[in-house]
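FYI, it's all coordinate maths here, none of it is from the lab. Model, not experiment: these values are computed from the prediction. Cβ atoms come from the backbone with ideal geometry, glycine included; neighbour counts cover every protein chain shown.
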Amino acid sequence: MSILSVKNVNKQFGGLKALHEVNLEIEAGTVHAIIGPNGAGKSTLLNCFVGRLDPDTGSVDFDGVSLLGMRPHEINQVGVSRVFQTPEIFGDLTLVENVMIPAFASRDGAFQINGWRQVADEASIHESAMHLLEDVGLAASADTVANQLSRGDKRRLELAMCLVQRPKLLLLDEPTAGMARADTNNTIDLLKKIAERGITMVIIEHDMHVVFSLAEKISVLAQGTVIVEGLPNEIKGHPKVQEAYLGGAHL
């Protein structure tokens, strides 16, 4: 059953066709990778999923509801969370404060001091934040200021910030970018644990080690359109994919 359905999506910037007749079906409970060379339109497509961009034409439906015209926080509230290429955290706050903020935002639509209700909820939200920090291996650093973390641990923190919102769909834009191999492998292990909970994931990634370690299905985007789609063993070595990657240097 599809949880995210993308049909005939087009997006143009001036004379540049960033996306052309893109069709995708993301099955619930799976890990689906979107790969392609630089400039293929991957991040543009992800921005159409989360309300940062509106397609010129086409449809984007999540769990049977159209996302078109919804604001980013409204899309977040219906169950879609995004992890950015560069970790987006509150560097001057502690780890537990970082995880608590999106919990309030997911509930209220924005982080704001909400009188007695927020005070009453703070204990339960703090407890949830601590559980998630434990899940991602950061509980011992809960009171550490986030700027002190390594890049790999900042990614773990950002994942906890997403998971506290209880998403049905997790979008990851190059989740291992800039990481050393050890941090990359730790992140792969963490994402596997998240997938085991039944959370659907869409991953944009250049590192084929990450893609083939996690993805159950792969869509290849080139020049703004899906050129091939299939299981990992069908994608690896596919002539269209090799051509798109200029001889397959990335695969």
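Quick notes on this one:
- Axis angle, to the nearest 10 degrees, between helix 95-108 and the longest C-alpha principal axis of the chain: 80 degrees.
- Largest mean-square fluctuation among Gly137, Gly14, Gly79, in a Gaussian network model of the chain whose springs join Cα atoms under 10 Å apart, belongs to Gly14.
- Expected 222 nm ellipticity per residue - DSSP helices of 4 or more, -39500 (n - 2.57), all of the chain, to 500: -11500 deg cm²/dmol
- With 20 Å as the limit, the listed pairs Lys7/Lys240; Lys154/Lys193; Lys154/Lys236; Lys7/Lys236; Lys17/Lys168; Lys217/Lys240 have Lys7/Lys240; Lys154/Lys236; Lys7/Lys236; Lys17/Lys168 beyond it between alpha carbons.
- Charged neighbours of Ser150, selected by a Cβ distance under 15 Å, balance to +2 (K, R count +1; D, E count -1).
- Electrostatic bookkeeping for Asn23 treats Lys and Arg as +1 and Asp and Glu as -1; over the other residues with beta carbon under 13 Å from its beta carbon, the sum is -3.
- Annotation note: GluC sites (Glu not before Pro) in the range 15-106 located in DSSP loop regions with a Cβ neighbour count of at most 13 within 10 Å are Glu88.
- Global form of the range 155-239, assessed from the alpha-carbon gyration tensor, a/c cut-off 1.5: prolate
- Restricting the GluC sites (Glu not before Pro) of the range 170-237 to loop positions (DSSP other than H, G, I, E, B) with no more than 14 neighbouring Cβ atoms within 10 Å leaves Glu216.
- The chain - share of DSSP beta bridges that are antiparallel (%, nearest 5): 55 percent
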